[in-house]
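Have a look at the structure below, then the notes.
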Ligand SMILES: Nc1ncnc2c1ncn2[C@@H]1O[C@H](COP(=O)(O)OP(=O)(O)OP(=O)(O)O)[C@@H](O)[C@H]1O
Ligand SMILES: [Mg+2]
């Protein structure tokens, strides 16, 4: 059954300036599923995402131990560029390139990585990514506009389209709906479900609400104070948490 696992984290420990912020984290994410990472502020959720795609390489005070495997690739033994090529990331705040058009924001990644051979192919890929992110209808007549003319929620969906355009196997999302309204959040959630179930992308997302985890995720990892308190199928964890901290979190008491 090794084939069915997309991400395997084993004994992952992270320090900043010698202070341990993640301790011995282990879990496996099946392919094409959505894992929600939950936990209080400062518990280490963003750090976990950054350890998976080696963004911590850029943090001089960070030290990582343990193993991360993504689609069979041993992340810390492989070329970091190749590693990041497999993964797309969306952050809490949208960060479009303001000097590039909406179209070029999405087209940049595929161009850089030589994913397309012709303009027609690129057009199709950009449209596909924008449709997947549920943004196409809103921008199809203004693809040459700068992204700064989009609303925050639209910019966040643009960020998703940009991440999808390079056809990642794994999508990492760090509280992607934290700064947008409920309607935009729902659209983003719908996209996330779709790419996992229909486009064969595995998703790990940090979420700040148990309700969102229930709507979009298949699995939940609950992190508290740098430790993995609970991991399991979302429904099992929500209905029958094995740890008091988890049920307190689901009840909104943390
Ligand atoms: N670059 C850094 N250098 C030093 N310490 C850091 C750095 N980034 C995060 N930390 C610390 O590591 C711990 C975990 O931070 P992290 O950002 O992973 O938490 P989080 O769960 O994502 O929190 P939030 O929900 O507020 O986003 C915190 O105590 C934080 O202060
Ligand atoms: Mg965070």
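The values are calculated or read from the model by the stated rules, or taken from the named source; none is laboratory data. Predicted, not measured: the structure shown is a model, and the values here were computed from it. For neighbour counting, all protein chains shown are included, and Cβ atoms are generated from backbone atoms with ideal geometry for every residue, glycine included.
Listed by position, the strands (runs of 3 or more DSSP E) inside the range 160-254 whose residues that are closer than 27 Å to residue 147 by Cβ number at least 3 are 170-174, 202-206. Just to be sure before I move on: is residue 162 away from ligand 1 (no atom under 16 Å from the Cβ), under 28 Å from residue 70 (Cα atoms) and in the same structural domain as residue 217 (by TED's automatic domain parsing) in the structure I sent? It is false that residue 162 is away from ligand 1 (no atom under 16 Å from the Cβ), under 28 Å from residue 70 (Cα atoms) and in the same structural domain as residue 217 (by TED's automatic domain parsing). Among the residues making up the range 175-213, those that are within 12 Å of residue 35 (Cα to Cα) and either in contact with a helix residue (DSSP H, G or I) (Cβ under 8 Å, 6 or more places away or on another chain) or within 14 Å of ligand 2 (Cβ to nearest atom) (or both) are 192, 193, 201, 202, 203, 204, 205, 206, 207, 212, 213.
Only one residue in 89, 38 is in contact with a helix residue (DSSP H, G or I) (Cβ under 7 Å, 6 or more places away or on another chain) and within 12 Å of ligand 1 (Cβ to nearest atom), so which one is that? Steps first, please.
Values: 89 fails: within 12 Å of ligand 1 (Cβ to nearest atom).
Going through 89, 38 in turn, just one is in contact with a helix residue (DSSP H, G or I) (Cβ under 7 Å, 6 or more places away or on another chain) and within 12 Å of ligand 1 (Cβ to nearest atom): 38.
Cβ-Cβ distances below 6 Å connect the following pairs, each with a first residue in the range 83-98 that is under 16 Å from residue 48 (Cβ atoms) and touching a residue at least 40 places away in the same chain (Cβ under 8 Å), a second residue that is within 14 Å of ligand 1 (Cβ to nearest atom) and part of a loop (DSSP other than H, G, I, E, B), and a separation of six or more residues or different chains: 87/53; 90/176; 92/175; 92/178.
Is one or more of the residues making up the range 79-99 part of a helix (DSSP H, G or I), at pLDDT 95 or above and crowded, with 20+ Cβ neighbours inside 10 Å? If you could, list the steps in order and put the result at the bottom.
Taking the range 79-99 as the starting set, the residues that turn out to be part of a helix (DSSP H, G or I) are 80-85.
Now drop any that are not at pLDDT 95 or above, which leaves none.
Checking the range 79-99: not a single residue is part of a helix (DSSP H, G or I), at pLDDT 95 or above and crowded, with 20+ Cβ neighbours inside 10 Å.
So which of 161, 165, 196 ends up being surrounded by 20 or more Cβ atoms within 10 Å (Cβ to Cβ) and in contact with a strand residue (DSSP E or B) (Cβ under 6 Å, 6 or more places away or on another chain)? Outline the logic, then answer.
Working: 161 fails: in contact with a strand residue (DSSP E or B) (Cβ under 6 Å, 6 or more places away or on another chain); 165 fails: in contact with a strand residue (DSSP E or B) (Cβ under 6 Å, 6 or more places away or on another chain).
Just a single option satisfies the conditions, and that option is 196.
Summed over the range 128-155, the residues that are surrounded by fewer than 16 Cβ atoms within 10 Å (Cβ to Cβ), in a loop (DSSP other than H, G, I, E, B) and in contact with a helix residue (DSSP H, G or I) (Cβ under 9 Å, 6 or more places away or on another chain) give a count of 5. From the list 182, 110, the lone residue that is within 21 Å of the chain's Cα centre (by Cα) and in the same structural domain as residue 81 (by TED's automatic domain parsing) is 182. The lone criterion from (1) within 16 Å of ligand 1 (Cβ to nearest atom); (2) in a helix (DSSP H, G or I); (3) surrounded by 19 or more Cβ atoms within 10 Å (Cβ to Cβ) left unmet by residue 64 is number (2).
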